[in-house]
1. State yes or no: is R21 at pLDDT 95 or above and closer than 24 Å to V191 by Cβ?
2. With the requirement that a residue be closer than 16 Å to I193 by Cβ and within 15 Å of the ligand (Cβ to nearest atom), what does segment 95-120 give you?
3. Do we have L3 as open to solvent by 40 Å² or more (accessible area, probe 1.4 Å), at pLDDT 95 or above, out of contact with any Leu (no Cβ under 7 Å at 6 or more places or on another chain) and under 14 Å from G353 (Cα atoms) here?
4. Residues of segment 170-200 being more than 10 Å from the ligand (Cβ to nearest atom), among the charged types (D, E, K, R) and more than 21 Å from A235 (Cα to Cα), which ones?
5. Going residue by residue through segment 178-193, is there one that turns out to be at pLDDT 95 or above, surrounded by fewer than 24 Cβ atoms within 10 Å (Cβ to Cβ), in contact with a helix residue (DSSP H, G or I) (Cβ under 9 Å, 6 or more places away or on another chain) and on the phi > 0 side of the Ramachandran plot?
6. Tally up the residues in segment 18-64 that are surrounded by fewer than 18 Cβ atoms within 10 Å (Cβ to Cβ) and under 30 Å from W325 (Cα atoms), please.
7. Could you tell me how many of the residues in segment 132-150 are surrounded by fewer than 24 Cβ atoms within 10 Å (Cβ to Cβ), in contact (Cβ under 8 Å) with a residue 24 or more places away in the chain and not in a strand (DSSP E or B)?
8. Are any of the residues in segment 24-35 touching a Pro at 6+ places or on another chain (Cβ under 8 Å) and free of Cβ contacts under 8 Å to residues at least 24 places away in the same chain?
Amino acid sequence: MTLANGRDYLAIPGPSVMPERVLRAMQRTSPNIYEGELHSLTDGMIPDLRRVAGTDGYVAIYIGNGHAAWEAALCNTCSRGDRVLIAVTGAFARGWAEMAEGLGLVPQLIEFDDPAPVDPERVADALRADTGHAIRAVLVVHVDTSTSVRSDVAAVSAAVRATGHPALVMADCIASLGCDRFEMDAWGVDVMISASQKGLMTPPGLAFVWFNDRAAAARDGADLASRYWDWGPRANPEAFWQYFDGTAPTHHLYALREALDMIGEEGLPAIWARHERLARAVWAAVDHWGQGGPIRLNVPDPAQRSHAVTTLCLPDGAATRLRGWCEDKAGVTLGIGLGKEPYDDWFRIGHMGHVNAHMVLGTLGVIEAGMRALDVPFAEGGLGAAAQVISEA
Ligand SMILES: *Cc1c(COP(=O)(O)O)cnc(C)c1O
């Protein structure tokens, strides 16, 4: 029999759960794009977008996904043949490197052993070796969603600046913005990118690039800055259509407005604390189960773990079987393993955005039921360990 009928839960690391309020905000007729409410609504979101990123700088919005943001950040700062240094902590850093290569840039990869975060000193060493300053930018993925490794972006920026090298620091916060603490200006980040469908709780389709004056200055010499991707008019529009270089993504803007209201109501510190607490509940359950069975977290050090996504190993192909069981029998869809071998031994739990204690405890309960059903051994008491973490909140 199946027990999946009821509200399903897409517990993958993006798209995340869309709040009813956000979905309802989209249930409306098209607004006039030439004048009126949509203009003030969009103007009013810019300060909120700055606040979410922790910056007084600029923000450009694109109709696109995270890959669009990757490309936009590079196009506005780099010229063909420029070198970019990429700190690799998982599949998404590699994806950004491929994007750079496709644009005619020369990616220089520094690989960190999965599951380790970026070592700022190795980044600094690479910059010190670049005496001719061929490296235009250092690319860091704050949370690599494939490994669930979280790196210390502030420490990376500080190490970069300490070398005296002029490279820009760029951070991919697609999986972390609105989940894990991030403070663009305080952390010395020049360019930060994100997208709508993870911590920002809005359907996929909006990409964001925040940048400061240093990055804006790089735009002038960047020969990759093509007309459509140019962040200048988008961040400083003289007319409304320039925000999006054409028709605005009308319904997405209503959705984002609602999501930003929700973020403002809860407050970023409370949001960060909620994500941390829920993540700790997941870790507590898995650590406990693992005392009597094969399930384990990818990242051993809690200080290096994302609070928005958790990558887990369940060997002998049990991860794929578990995902199937959880979806078919219990209405919970877990994330596939990404960039990890063997494919069938890894899965991920998304706990980002509009997620609360009962959703996480429910997911953990379903995982435990699935391990029972599939005859995967585990130590009894994992759910109790998670409940304990929640009860102490
Ligand atoms: C999801 C994600 C991406 C890719 O975003 P798309 O919208 O799928 O293009 C890139 N980087 C990170 C860290 C992500 O989590």
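1. On the way: at pLDDT 95 or above: yes; closer than 24 Å to V191 by Cβ: no.
No.
2. G95, W96, A97, E98, M99, A100
3. Details: open to solvent by 40 Å² or more (accessible area, probe 1.4 Å): yes; at pLDDT 95 or above: yes; out of contact with any Leu (no Cβ under 7 Å at 6 or more places or on another chain): yes; under 14 Å from G353 (Cα atoms): no.
Judged against the criteria, L3 is not a match.
4. The answer is D180, R181.
5. Yes, because at least one residue in segment 178-193 is at pLDDT 95 or above, surrounded by fewer than 24 Cβ atoms within 10 Å (Cβ to Cβ), in contact with a helix residue (DSSP H, G or I) (Cβ under 9 Å, 6 or more places away or on another chain) and on the phi > 0 side of the Ramachandran plot.
6. So the count comes out to 3.
7. Residues meeting the conditions: 2.
8. no
The values are calculated or read from the model by the stated rules, or taken from the named source; none is laboratory data. If you're wondering where the values come from, they're calculated on a predicted model, not measured in any experiment. Every residue, glycine as well, gets a Cβ built from its backbone with ideal geometry; the counts of neighbours run over all protein chains shown. Heavy atoms of the whole protein, side chains included, go into the accessibility calculation; ligands, DNA and RNA do not. Shrake-Rupley method; radii C 1.70, N 1.55, O 1.52, S 1.80 Å.
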